[in-house]
Amino acid sequence: MERKEVLVSQAELDRQRDYEEKIRRMFESRQAHPTACVDTFGCQQNVADGQKLMGMLLQCGFTLTDEPKEADLVILNTCAIREHAEQRVFGNLGILTHSKKENPEQVIALCGCMAQEERVSKRIKESYRHVDLVFGPHALWRFPELLWQVYETRKRVFAVDDEHGSIAEGIPVVREKGVKAWVSIMYGCNNFCSYCIVPYVRGRERSRDPQCVLEEVRDLVEHGYKDITLLGQNVNSYGNDLDLNYDFADLLSDIDKIPGEYRIRFMSSHPKDATRKLFDTMARCTHVAKQLHLPVQSGNDRVLHEMNRRYTRAQYLELVRYAKSVMPELVLTSDIIIGFPGETEAEAMDTVSLVEEVGFDALFTFLYSPRPGTKAAEMPDPATKAEKQKWFDKLLEVQNAASARLHAAYVGKTERVLVDGESDDPAFPLTARTDGNRLVRLKGDPSLMGQFTDVKITGSNTWALYGEAL
Ligand code: SAH
Ligand code: SF4
Ligand code: F3S
C-alpha cells in the first residue's frame, strides 16, 4: 500500500469536523441537550478508540454520561477476542431493547472489532433491529458523517467494509483524568497467529509517522501526563511499512529525549521481532520503564508452531535471558493460552514449566476460545473443557505462588512510584504504580496524587504491594 492511500487526507478530515459542526447546530436549533454513553470492551487499543469517539461526541454537542438507559445515544465499542466478550455485548444489546421502547428517539450504535466481523453485522442486521448504526474500526474516523446520516435519514447505517485500513491524524480525544495516557503508534496486525481474530478485524500493519507520535507525546508531557503507554498489536514491527530505516527502538530513543518527568511503557511486543537493540535501548533510556510485556502463549514448540508464533521455547528463553542481563530490575509479564486445539496435558505442562523457569511478575491467562474464520477454529480439539480447566488451574497455582514470592522480595525496599488513584481502603487510601507497573496500596497524604514519590514497601500479597510514603 502506498503511504498516500494509507493516510486519510486533510480534506477528508476537515469534512468530518464539518459534520460535527452540522450535528451541533442541528441540536442547537432544536434546543436539545443530547447525552451520549460510550461503553468500551476489550484492550487498550479499544480504550484509545473510545477516547476518540468521546472526543468527536463532545464536538457534536453531546454531554457524556455513564448511564446507557438515559442516554440519547448509546455506543457499544466492542471486542471480538474471545467468545465470552461477544456474548456480553449481545446481552447488553438485548437489554437496550427496553430502553429503546421507552425512548424511541434513542440511537444505538455498535462499533469496534465485533462490528467488523461479517457474521456479527449480519446477525445485527437481521435480529437486532433496534441498532441504528454499525461501524468497524476502519470507519471510526468517519463517525461524524455516519452519525449525521442516521439523524438525517433515520435509516439504519452499516459501515463494515473489509479494508486494509488507514491512519487518521488529528481526531479530537477525551483523555482519562489523571496522569495516564495511551498513544497508538501503529494499527493493525500482519501476524495471523492461528487462533486470533485481530488481523481480520483491524486490517494490516500501519505505522504512524514518527513526527506525529513525538508531537503527541511531547504535548502529553507538557500537559502533565506522567505514565504514557505506546500501543500497537506488535510494536516491534513499527516502521516496517515506512521506508525510513527507522524502527521501534529508534522511536523509543527519540521519545526519551523529550524533557520532563514521565515514564514511557509499551505493549505488545512480539517475541519473534524483539531485538537486542530494543533491550539495549530500553536499558539506556531513562524515561523508559524497565517493564516488558512479552506474550509467550505456550512453552511447547509443537503448539507454538501450530499457533504460527514463529519462535521456539529456546528462542524465547534466550530473549528473556538477554533482557534480564541488560536490565536486572526488569519486570516481565506475559499472555498465555491454555487448551489450544490438540494441546495435550504434557504440552500444557511444558507451558507451566516455562512459567516456573522464567519467573514472570504477572500473567494474563486465557482458556482458548475458537474464533470463527481463524485457522485454529478448524482444527480438531479433542480435550474436554474439564481437562483444560485442570491445566489452567495448575498454571494459576504456579503463577500465584511466583507472584507472591516476587512481591515478598520488595518488602523492606524503597521504590519510586507514581501515585495515580484513591482506594476505598481507609488504611491505604492511595494507589500507586512502581516503575515496573506493580500495584502499590499506599499510606500517605492525598496531596501526593499525580506525583512521583519514594515509598517504603511494608507488606505484600499475590496481587499487590503495600507501602508508606517517605
Ligand atoms: N497483539 C498482542 C495480543 C493481543 S490479544 C500480542 O500478540 O501479544 C491479547 C491476548 O489474548 C493474546 O496475547 C492471547 O493470549 C489472547 N487471545 C487471543 N486470541 C485468543 C483466543 N482465540 N482464545 C483465547 N485467548 C486469545
Ligand atoms: Fe493476534 Fe498474533 Fe496479531 Fe497479537 S500478533 S494481535 S496474537 S495475530
Ligand atoms: Fe482489542 Fe479485542 Fe479488538 S482485544 S484489538 S478490542 S478484538
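The values are calculated or read from the model by the stated rules, or taken from the named source; none is laboratory data. All values derive from a computational prediction rather than experimental measurement. Because the Cβ atoms are built from the backbone with ideal geometry, glycine has one as well, and the counts that use them run over all protein chains shown. The protein model used for the area step is the full one, side chains on, heavy atoms only, and it has no ligands, DNA or RNA in it. Shrake-Rupley method; radii C 1.70, N 1.55, O 1.52, S 1.80 Å.
Which value, in Å², gives the accessible area per residue of the range 175-289 when a 1.4 Å probe is used on the protein heavy atoms? Intermediate values should be presented prior to the final figure.
Numbers: 4350 Å² over 115 residues.
That works out to 38 Å² for each residue.
Hey, what D do you get for the chain in µm²/s if you plug the Kirkwood alpha-carbon radius into Stokes-Einstein at 4 °C and 1.567 mPa s? Walk me through the intermediate numbers first.
Details: Rh = 23.9 Å.
Diffusion coefficient, whole number: 54 µm²/s.
Any chance you could check the Cα centroid distance between the range 282-300 and the range 448-466 for me, in angstrom?
21
So between Lys177 and Ser127, what do we pick up on full extension, going 0.36 nm a residue minus the alpha carbon distance? Walk me through the numbers on the way to the answer.
On the way: separation 50, 0.36 × 50 = 18.00 nm, distance 3.79 nm.
My answer for the length gained is 14.2 nm.
Helix-only estimate, please: 222 nm mean residue ellipticity of the chain, summing -39500 (n - 2.57) across DSSP H runs of length 4 or more and dividing by its residues, to the nearest 500. Could the numbers behind the result be given before it?
Working: 14 runs with 175 residues, N = 470.
Result for the chain, helices only: -11500 deg cm²/dmol.
Ranked from the most accessible area to the least, with a 1.4 Å probe and all protein chains present, what is the order of His33, His407, His305?
On the way: His33 160, His407 5, His305 140 Å².
Heavy-atom accessible area, descending, gives His33, His305, His407.
Can you pull the percent of the range 333-376's accessible area that's carbon plus sulfur, 1.4 Å probe, other chains left in place? Don't skip to the answer; put the middle values down first.
On the way: 830 of 1470 Å².
The C+S portion of the solvent-accessible surface of the range 333-376 is 57 percent.
Starting from the residue with the highest accessible area, list Ser127, Ser253, Ser334 in decreasing order, probe 1.4 Å.
Values: Ser127 80, Ser253 25, Ser334 0 Å².
Result of the area sort, largest leading: Ser127, Ser253, Ser334.
Run the simple label-point estimate for Arg119 and Val47 please: 7 Å along Cα→C-beta, distance reported in nm.
2.8
What's the extension gain from His84 to Asp301 if we count 0.36 nm per residue and subtract their Cα-Cα distance?
On the way: separation 217, 0.36 × 217 = 78.12 nm, distance 2.78 nm.
Contour length minus the Cα-Cα distance gives 75.3 nm.
Can you pull the accessible area of Lys413 for me, 1.4 Å probe, Å² to the nearest 10?
Here the residue's solvent-accessible area equals roughly 110 Å².
Mind grabbing the accessible area of Tyr128 for me, 1.4 Å probe, Å², rounded to tens?
My reading of the accessible area for Tyr128 is about 40 Å².
Longer than 30 Å from Cα to Cα, which of Lys101/Lys125; Lys69/Lys375; Lys4/Lys125; Lys69/Lys226 are they? Say none if no pair is.
Working: Lys101/Lys125 18 Å; Lys69/Lys375 39 Å; Lys4/Lys125 33 Å; Lys69/Lys226 35 Å.
Going by Cα-Cα distance, Lys69/Lys375; Lys4/Lys125; Lys69/Lys226 fall outside the 30 Å limit.
If I compute solvent accessible area with a 1.4 Å probe over the protein chains, what percent of it on the range 3-159 is carbon and sulfur? It would help to have the intermediate numbers written out before the result.
Working: 3570 of 7380 Å².
Solvent-exposed carbon and sulfur of the range 3-159 make up 48 percent of the total.
Any idea of the accessible area per residue across the range 67-119, 1.4 Å probe, to the nearest Å²? Don't skip to the end; give the middle numbers.
Working: 2400 Å² over 53 residues.
Normalised by residue count, the accessible surface of the range 67-119 is 45 Å².
Mind checking the full-extension length gain between Asp381 and Gln315? Use 0.36 nm per residue of separation minus the Cα-Cα distance, one decimal, nm. Intermediate results must be reported in sequence, preceding the final value.
Values: separation 66, 0.36 × 66 = 23.76 nm, distance 2.71 nm.
The span from Asp381 to Gln315 would gain 21.1 nm if fully extended.
Can you give the accessible area per residue of the range 414-469, in Å², using a 1.4 Å probe?
It amounts to 46 Å² per residue over the range 414-469.
What FRET efficiency, computed as 1/(1 + (r/R0)^6) with R0 = 22 Å and r the Cβ-Cβ distance, is obtained for Arg276 and Tyr246, rounded to the nearest 0.05? Display every interim value, and only then the final one.
Details: r = 18 Å, r/R0 = 0.80.
Using R0 = 22 Å, I get an efficiency of 0.80.
Could you look at the range 175-289 and say what percent of its accessible area is carbon and sulfur, using a 1.4 Å probe and all protein chains?
Numbers: 2080 of 4350 Å².
On the range 175-289, the fraction of accessible area on carbon and sulfur atoms equals 48 percent.
Heads up, I need the accessible area for Asp393: 1.4 angstrom probe, whole protein in place, Å², nearest 10.
Taking all protein chains as shown, Asp393 has close to 80 Å².
If you build the convex hull over the alpha carbons only and average its shadow over all orientations, what do you get for the range 3-159? Give it in nm² to one decimal.
On the way: hull surface 37.4 nm².
If you wrap the Cα atoms of the range 3-159 in a convex hull and average its projections, you get 9.3 nm².
The range 131-179 to the range 36-101: how many Å between their Cα centroids?
12
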